[in-house]
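J.: First, the structure itself, so that you have it in front of you.
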Amino acid sequence: MKVAVLTVSDGVAEGSREDRSGDLLDELLAGEGYEVERRVVPDEGAEIARAIEVLDEGGARLVLTTGGTGVAPRDVTPEATATVLDRTAPGIAEAIRSDAIGRTPHAMLSRGLAGVCGRTLVVNLPGSPGGCRDGFAVVRPALAHALDLLSDQPTGHIQT
């Protein structure tokens with residue numbers, strides 16, 4: 001199954017910073033057997049939104065964004081994501097923040113969103129490798145089920 005990592009970073013986009021968070025997510029997803037596509041965009045709302053749409057249109061069933069979820073002036077990933085979501089999945093972002101707050105008080109500054117764009121699950125993760133590792137660990141147990149639901153695969157739910 002095709003999935004994507006979208007790194008949102010001015011520094012990575014201009015080549016002055018290494019994409020450690022994107023590399024880590026790529027490794028974690030590949031380890032789960034997913035075919036991973038990578039994209040990098042600067043902290044620009046229109047470019048973030050368009051990249052998510054292009055990845056959905058290109059068949060990615062999951063887009064994990066990394067970066068731009070804090071309170072800095074150029075942190076616009078949640079706002080850009082919100083413009084392309086058809087439906088939100090607030091429980092995912094709440095679970096990620098709830099898990100992280102036990103490790104760092106900075107977790108309360110995260111504004112990441114999650115939801116569905118077309119048939120693609122989109123999850124905003126922080127820009128740090130640790131935040132990505134921990135956020136992925138929270139999402140991982142429900143990921144296959146969520147992707148099955150989005151692709152209309154049988155899920156074992158009892159139909160009433």
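The values are calculated or read from the model by the stated rules, or taken from the named source; none is laboratory data. These numbers come from a predicted model, not from an experiment. With ideal geometry, Cβ positions are generated from the backbone for all residues, glycine too; neighbour counts draw on all protein chains shown. Keep in mind that these areas ignore ligands, DNA and RNA; they rest on the heavy atoms of the full protein, side chains included. Shrake-Rupley method; radii C 1.70, N 1.55, O 1.52, S 1.80 Å.
J.: Determine whether residue 113 is open to solvent by 10 Å² or more (accessible area, probe 1.4 Å) and at pLDDT 95 or above.
T.: yes
J.: Moving on to the next point. I want to confirm something. Restricting to segment 126-155 and keeping residues that are over 20 Å from residue 33 (Cβ atoms) and either exposed (fewer than 15 other Cβ atoms within 10 Å of the Cβ) or of a type in the set (A, V, I, L, M) (or both), which single residue is modelled with the highest pLDDT?
T.: 130
J.: Which of (1) surrounded by fewer than 17 Cβ atoms within 10 Å (Cβ to Cβ); (2) under 21 Å from residue 22 (Cβ atoms) is the odd one out, the single condition residue 92 does not satisfy?
T.: The one condition residue 92 does not meet is (1).
J.: For segment 71-88, which residues satisfy the criterion of being crowded, with 18+ Cβ neighbours inside 10 Å and either of a type in the set (Gly, Ala, Ser) or in a helix (DSSP H, G or I) (or both)?
T.: 77, 78, 80, 81, 84
J.: Go through (1) at positive phi; (2) surrounded by fewer than 20 Cβ atoms within 10 Å (Cβ to Cβ) for residue 67 and report which single condition fails.
T.: Condition (2) is where residue 67 drops out.
J.: Considering only segment 1-26, how many residues are under 25 Å from residue 57 (Cβ atoms) and assigned to a loop (DSSP other than H, G, I, E, B)?
T.: The total comes to 3.
J.: Among the residues that make up segment 36-50, is at least one of them out of contact with any helix residue (DSSP H, G or I) (no Cβ under 6 Å at 6 or more places or on another chain) and either open to solvent by less than 40 Å² (accessible area, probe 1.4 Å) or polar (S, T, N, Q) (or both)?
T.: For segment 36-50, residues out of contact with any helix residue (DSSP H, G or I) (no Cβ under 6 Å at 6 or more places or on another chain) and either open to solvent by less than 40 Å² (accessible area, probe 1.4 Å) or polar (S, T, N, Q) (or both): absent.
J.: Of everything in segment 104-118, what is outside any helix (DSSP H, G or I) and within 18 Å of residue 91 (Cα to Cα)? Give them in sequence order.
T.: If the condition is that a residue be outside any helix (DSSP H, G or I) and within 18 Å of residue 91 (Cα to Cα), then 110, 111, 112, 113, 114, 115, 116, 117 are the ones that fit.
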